[in-house]
1. Residue by residue through region 127-147, note down the ones that are within 15 Å of the chain's Cα centre (by Cα) and among the β-branched types (Val, Ile, Thr).
2. Could you tell me whether GLY108 is in the same structural domain as ASP169 (by TED's automatic domain parsing), small (Gly, Ala, Ser) and at positive phi?
3. Check region 7-15 and report whether any residue there is at pLDDT below 95 and at positive phi.
4. What residue, of LEU157, LEU150, LEU213, is closer than 27 Å to LYS116 by Cα, buried (at least 18 other Cβ atoms within 10 Å of the Cβ), of a type in the set (A, V, I, L, M, F, W, C) and under 18 Å from the mean Cα position of the chain (by Cα)?
5. Go through region 136-155 and give me each residue that's within 16 Å of PHE4 (Cα to Cα) and either of a type in the set (D, E, K, R) or free of Cβ contacts under 8 Å to residues at least 12 places away in the same chain (or both).
6. So how many residues does region 116-142 have that are part of a helix (DSSP H, G or I), under 15 Å from ALA153 (Cα atoms) and in contact with a Pro (Cβ under 8 Å, 6 or more places away or on another chain)?
7. Tell me the residue from GLY177, GLY181 that is assigned by TED's automatic domain parsing to the domain that holds GLY13 and at positive phi, please.
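The values are calculated or read from the model by the stated rules, or taken from the named source; none is laboratory data. This structure is a prediction, so every number in the text was calculated from the model and none was measured. Methodologically, a virtual Cβ is constructed for each residue, glycine included, from the backbone with ideal geometry; neighbour enumeration extends over all protein chains shown.
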Amino acid sequence: MLDFKALLFDLDGTLLDTAPDFIGALNRQLADLHREPLPSSQIRSAVTNGSVGIIQTAYNLDIEDPQFEALRQQFLDYYLANIAEQTTLFDGMETLLTRCTQQGIPWGIVTNKPWKYTEALLDQLNLAHRPATTICPDHVARPKPDPQALLLACSELKINPTECVYVGDHRRDIEAGRSAGMITIAAEWGYIEETENIFDWHADWVAATPNELTRILFG
């Protein structure tokens with residue numbers, strides 16, 4: 001059982017399983033461009049790097065390629081149109097959030113997903129009213145792995161960063177949390193690339209599932 005006063009989550013691959021809607025959007029785009037669909041597993045592991053990573057994976061293009069930005073924006077249009085078609089909380093996450101409410105522990109979201117998409121997603125899932133804070137790259141000068149967004153969340157919650165736990169499924173999440181002075185937990189259930197060893201991130205804890213995360217937090 002940890003001693004903490006607030007809990008913050010990364011969004012994609014940590015709090016929410018958003019990959020199915022990214023997969024659907026990309027394969028709709030590929031179909032409209034008369035290309036073959038990609039395996040779900042290949043797209044899923046790219047989700048952790050956002051739309052840039054997905055387009056790089058799908059089209060094997062460098063970010064400097066003249067076609068890159070147009071393809072990325074088209075993909076994001078497909079995604080926004082069906083942003084919450086299949087997205088859900090990860091199994092066991094609702095139990096954890098309920099436990100936080102029962103214990104009087106505020107929870108929030110710190111994500112590199114732009115506000116436009118975060119707001120639409122939370123609204124459609126009827127989650128917008130639940131986080132005590134939601135911080136996106138739009139709200140800070142420097143996104144994760146810089147700790148600025150996490151520090152802003154703590155400021156809004158009126159707590160010391162050392163009293164906060166941050167949970168994420170990417171090395172940058174753990175780097176940001178450690179730089180902010182938080183307790184860090186790596187989410188092994190998330191969208192982790194095959195080349196990554198989660199234990200190399202040096203998180204304070206590694207949780208295999210949201211249920212294990214609940215046990216780490218509350219005993």
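1. Scanning region 127-147 gives THR133, THR134, ILE135.
2. On the way: in the same structural domain as ASP169 (by TED's automatic domain parsing): yes; small (Gly, Ala, Ser): yes; at positive phi: no.
Here the answer is no, as GLY108 does not meet what is asked.
3. Restricting attention to region 7-15, the residues satisfying the condition of being at pLDDT below 95 are none.
Scanning region 7-15, I find no residue that is at pLDDT below 95 and at positive phi, so the answer is no.
4. After applying the criteria, what remains is LEU150.
5. Of the residues in region 136-155, the ones within 16 Å of PHE4 (Cα to Cα) are 150-151, 153-155.
Correct list: SER155 only.
6. The qualifying residues number 2.
7. Within the list GLY177, GLY181, the selection yields GLY181.
Yes/no matrix, rows are residues, columns are (1) surrounded by 19 or more Cβ atoms within 10 Å (Cβ to Cβ); (2) in contact (Cβ under 8 Å) with a residue 24 or more places away in the chain:
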site	(1), (2)
GLN74	no, yes
PHE90	yes, yes
ASP123	no, no
PRO131	yes, yes
